[in-house]
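Notes follow once the structure below has been shown.
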Amino acid sequence: MGEQVKPRLEGSRCAVCGTVGYPASANCARCAAPTAEPLTLSTKGMVWAHTVQRFAPKSPPYVVPADGFTPYAVGYVELPEGIRIEAVLDCDDFADLDRAPVRLVAVTPVPRFATLSRLQSEVR
Ligand SMILES: [Zn+2]
């Protein structure tokens with residue numbers, strides 16, 4: 001096994017009002033001023049809302065996997081910093097996603113989180 005680089009979400013936080021943004025920006029979305037500073041966001045959060053993509057999105061930009069399209073979940077993950085990140089959600093069962101604790105597993109091409117039960121089943 002090679003050395004794995006842990007994925008990180010690089011956001012920003014306003015030095016004046018504390019508003020957290022993602023992706024990182026020098027400008028605060030609330031103050032509309034260049035008052036934001038870089039902030040590495042937590043890699044653990046909780047599913048705030050989700051839905052299941054049951055048909056293949058328009059391609060391009062969607063890239064159909066080599067073994068064909070399979071439904072997948074997308075949603076928002078709420079982080080301790082008080083921001084919700086739109087992400088692909090890996091899980092064993094879509095029914096388990098509601099309020100599920102998740103961990104960041106990738107940041108490219110889009111943020112991707114996995115449920116803790118999914119991560120445990122991958123280790124075995
Ligand atoms: Zn601000």
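The values are calculated or read from the model by the stated rules, or taken from the named source; none is laboratory data. The structure displayed is predicted, hence computed values, not measured ones. Glycine gets a Cβ as well: all are built from the backbone with ideal geometry, and neighbour counts include every protein chain shown.
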Provide a single number: the residues in segment 22-44 that are in a strand (DSSP E or B) and more than 9 Å from the ligand (Cβ to nearest atom). 5
For segment 80-92, give me the residue count where each residue is without any contact (Cβ under 8 Å) to a residue 60 or more places away in the chain and of a type outside the set (D, E, K, R). 5
Scanning segment 1-21 residue by residue, the ones that are within 13 Å of the ligand (Cβ to nearest atom) and either part of a loop (DSSP other than H, G, I, E, B) or at pLDDT below 95 (or both) total 5
Looking only at residues in segment 81-95 that are in contact with a Lys or Arg (Cβ under 8 Å, 6 or more places away or on another chain) and not in a strand (DSSP E or B), which one is nearest to residue 39 (Cα to Cα)? 81
Among 98, 67, which is the only one that is more than 16 Å from the ligand (Cβ to nearest atom), part of a loop (DSSP other than H, G, I, E, B) and within 16 Å of residue 117 (Cα to Cα)? 98
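Here's a check for you: in segment 101-115, which residue that is part of a loop (DSSP other than H, G, I, E, B) and not aliphatic (A, V, I, L, M) is nearest to residue 40 (Cα to Cα)? Give the steps one after another, and end with the answer.
So in segment 101-115, the residues part of a loop (DSSP other than H, G, I, E, B) come out as 107-111.
Next cut, not aliphatic (A, V, I, L, M) only: 108-109, 111.
On the way: 108: 16, 109: 18, 111: 14 Å.
Per the stated criteria, the residue is 111.
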Within segment 10-36, tally of residues that are among the charged types (D, E, K, R), surrounded by 13 or more Cβ atoms within 10 Å (Cβ to Cβ) and without any contact (Cβ under 8 Å) to a residue 60 or more places away in the chain: 1
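Residue 75: modelled with pLDDT of 95 or more, touching an Asp or Glu at 6+ places or on another chain (Cβ under 6 Å), in a strand (DSSP E or B) and away from the ligand (no atom under 14 Å from the Cβ), yes or no? Outline the logic, then answer.
On the way: modelled with pLDDT of 95 or more: yes; touching an Asp or Glu at 6+ places or on another chain (Cβ under 6 Å): no; in a strand (DSSP E or B): yes; away from the ligand (no atom under 14 Å from the Cβ): yes.
It is false that residue 75 is modelled with pLDDT of 95 or more, touching an Asp or Glu at 6+ places or on another chain (Cβ under 6 Å), in a strand (DSSP E or B) and away from the ligand (no atom under 14 Å from the Cβ).
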Can you tell me which condition residue 54 does not meet? The list is (1) assigned by TED's automatic domain parsing to the domain that holds residue 96; (2) surrounded by 13 or more Cβ atoms within 10 Å (Cβ to Cβ), and all the others hold. (2)
